[in-house]
Amino acid sequence: MPGRHFLHIPGPTNVPERIQRAMMRSVEDHRGANFPALSKGLLSDLRSVFRTEAGQVFIFPSSGSGAWEASLQNTLAPGDRVLVSRFGTFSHLWADMCQRLELNVTVLDAEWGEGAPVERYAEVLRADTDKAIKAVLVCHNETATGVTSDVAGIRRALDDADHPALLYVDGVSSIASIDFRMDEWGVDLAVTGSQKGLMMPPGLGIVAVSPRALAARERAGLRRCYFDFDDMIRMNADGWFPYTPATGLLYGLREALDMLDEEGMDNVAARHHRLAEGVRRGVKAWGLELCARAPQWESDTVSAIVVPEGHDAAKVIDIAYGRYNLALGAGLMQLAGRVFRIGHLGDLNELMCLAALSGSEMAMRDAGIPVVLGSGVAAAQAWYSGTAASANSSDEAPRKVA
Ligand code: PLP
């Protein structure tokens, strides 16, 4: 199909040309003399993305799920009690991984469209007077439903109960895009992947680990090998990896970290919020609802849009892809056919969001959903143009037109 492809799934996200170019290089010796300078810089600079000074970062050649597994295997023993909430596909899958690793899992189910039930975490933690719970897990941004949860609230629940359990956060679709504060929120293990806010292709699983979580290795009896932190700690100390690292991706990561640093993490979060708000205004103008049930949970990286009763969201996605070269995210599990998702994270600006809204409008119309063409685009345009001057500090004085 001629013209460019519009990738608007909630990850993998668009890889900026700067990063593509950085990865286009001859393969080099990962045991060569130059390599440690690259890896040591990455392991150190990634801490500012997680907003941690005390935490230690590990980079695995895996996807985000590998980093999930690493976080559990290195800190827990078989049969350890784990508290986790489930309100979408990814929180479901992390809980499922805990069960398959033979942990003793207490699941707090919430409605899909709601965030992590902070008050119910608090109740369970208060009731656990002999402190049997070793791990508290939360998915910061549930990508299936477009819902962001209150991680700081879960930390408060732990502190109020004076509970020593470690706090594990899935930040795969939040870290490097939505505000995330590992040290301030007392997060012990924060997990992400390369293919979302970091604007990279898939292939790296990244986890930041607090000193307390590192110490938990001593009693962590779960079997581990490929994901063993001990091997990483030993080799990373001198800038090496215990096995062949994804060298090309690491050069891309170097460029991604430079780009994030140039923009500044606060500005990155503010940009995501503003772009997301435009998409939300577009959805409202269509007369449609988000899957997120209250504004407090609306995600700044992905919007899951509920199609009207009697319509099939999968048809919208197929038409958008086949006719308009636009990739939208599908509804997953119980949301299959009920929602389509617009990912608005990573290397993104206003016009890219408008293209996603425009293509979605046409695809919905073609699928028989009665939206007014241009309505969502116009609402988003009004928001973007009204807020652009204050958001884009690089605005120049208006040029004279001859
Ligand atoms: N957690 C969340 C919130 C996700 O969105 C995803 C993937 O989209 C994952 C975990 C799993 O990550 P991966 O597919 O990189 O293994």
Which residue out of R126, R86 is touching a strand residue (DSSP E or B) at 6+ places or on another chain (Cβ under 8 Å) and among the charged types (D, E, K, R)?
R86
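Okay, residues lined up against (1) farther than 24 Å from I19 by Cα; (2) touching a Lys or Arg at 6+ places or on another chain (Cβ under 7 Å); (3) crowded, with 19+ Cβ neighbours inside 10 Å; (4) small (G, A, S):
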residue: G329; (1), (2), (3), (4): no, yes, yes, yes
residue: H344; (1), (2), (3), (4): no, no, yes, no
residue: A356; (1), (2), (3), (4): no, no, yes, yes
residue: G368; (1), (2), (3), (4): yes, no, no, yes
residue: S385; (1), (2), (3), (4): yes, no, no, yes
residue: A389; (1), (2), (3), (4): yes, no, no, yes
Looking for something free of Cβ contacts under 8 Å to residues at least 24 places away in the same chain, over 19 Å from R4 (Cβ atoms) and in contact with a helix residue (DSSP H, G or I) (Cβ under 7 Å, 6 or more places away or on another chain) - is there at least one such residue anywhere in the stretch 301-324?
no
Mind counting the residues in the stretch 176-189 that are closer than 23 Å to L125 by Cα and either within 12 Å of the ligand (Cβ to nearest atom) or in a loop (DSSP other than H, G, I, E, B) (or both)?
8
Can you run down the residue pairs with Cβ atoms below 7 Å, 6 or more apart or on separate chains, where the first is in the stretch 361-388 and within 24 Å of P308 (Cβ to Cβ) and at pLDDT below 95 and the partner is β-branched (V, I, T) and assigned to a loop (DSSP other than H, G, I, E, B)?
none
Going by what's in this entry, would A213 be described as within 21 Å of S39 (Cβ to Cβ) and either touching a strand residue (DSSP E or B) at 6+ places or on another chain (Cβ under 9 Å) or within 11 Å of the ligand (Cβ to nearest atom) (or both)?
no
Only unsatisfied item for V147, checking (1) in contact with a helix residue (DSSP H, G or I) (Cβ under 6 Å, 6 or more places away or on another chain); (2) more than 14 Å from the ligand (Cβ to nearest atom), is (2)
The one condition L137 fails out of (1) more than 16 Å from the ligand (Cβ to nearest atom); (2) surrounded by 24 or more Cβ atoms within 10 Å (Cβ to Cβ); (3) not in a loop (DSSP other than H, G, I, E, B) is (1)
Would it be correct to say that G337 is under 18 Å from the mean Cα position of the chain (by Cα) and of a type outside the set (F, W, Y)?
no
Filtering the stretch 162-189 down to residues that are among the hydrophobic types (A, V, I, L, M, F, W, C), in contact with a helix residue (DSSP H, G or I) (Cβ under 6 Å, 6 or more places away or on another chain), surrounded by 24 or more Cβ atoms within 10 Å (Cβ to Cβ) and closer than 25 Å to R274 by Cα yields V169, V172, A176, M182
The stretch 50-74 - residue that is more than 11 Å from the ligand (Cβ to nearest atom) and of a type in the set (S, T, N, Q) and, of those, nearest to G205 (Cα to Cα)
S71
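Given the options G322, G282, G310, G278, name the one that is at positive phi and not charged (D, E, K, R).
G310
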Working carefully through the options S44, S71, S65, find the one that is under 21 Å from the mean Cα position of the chain (by Cα) and crowded, with 21+ Cβ neighbours inside 10 Å.
S71
Can you name the residue in the stretch 75-124 that is within 16 Å of the ligand (Cβ to nearest atom) and among the basic types (K, R) and is also nearest to the chain's Cα centre (by Cα) among such residues?
R86
For the stretch 291-402, please list each of the helices (runs of 4 or more DSSP H) lying entirely inside it that holds at least 2 residues being in contact with a Gly (Cβ under 7 Å, 6 or more places away or on another chain) and more than 30 Å from M265 (Cβ to Cβ).
313-324
Note on the stretch 234-278: residues of a type outside the set (G, A, S), within 18 Å of the chain's Cα centre (by Cα) and farther than 16 Å from A22 by Cβ are M265, D266, N267, V268, R271, H272, H273, R274, L275, E277
Residues in the stretch 163-175 that are among the aromatic types (F, W, Y) and either more than 24 Å from A122 (Cα to Cα) or in a loop (DSSP other than H, G, I, E, B) (or both): how many?
0
On the basis of being near the ligand (Cβ under 9 Å from one of its atoms) and touching a residue at least 60 places away in the same chain (Cβ under 8 Å), does S173 make the cut?
yes
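Would you pick out the residues in the stretch 197-215 that are crowded, with 21+ Cβ neighbours inside 10 Å and either of a type in the set (A, V, I, L, M, F, W, C) or touching a helix residue (DSSP H, G or I) at 6+ places or on another chain (Cβ under 8 Å) (or both)?
Listed by number, the residues that qualify are G197, L198, M199, M200, L204, G205, I206, V207, A208, V209, A213.
The values are calculated or read from the model by the stated rules, or taken from the named source; none is laboratory data. Just so you know, these numbers come straight off a predicted model, no measurement behind them. Positions of Cβ are generated from backbone atoms using ideal geometry, with glycine treated the same way; all protein chains shown enter the neighbour counts.
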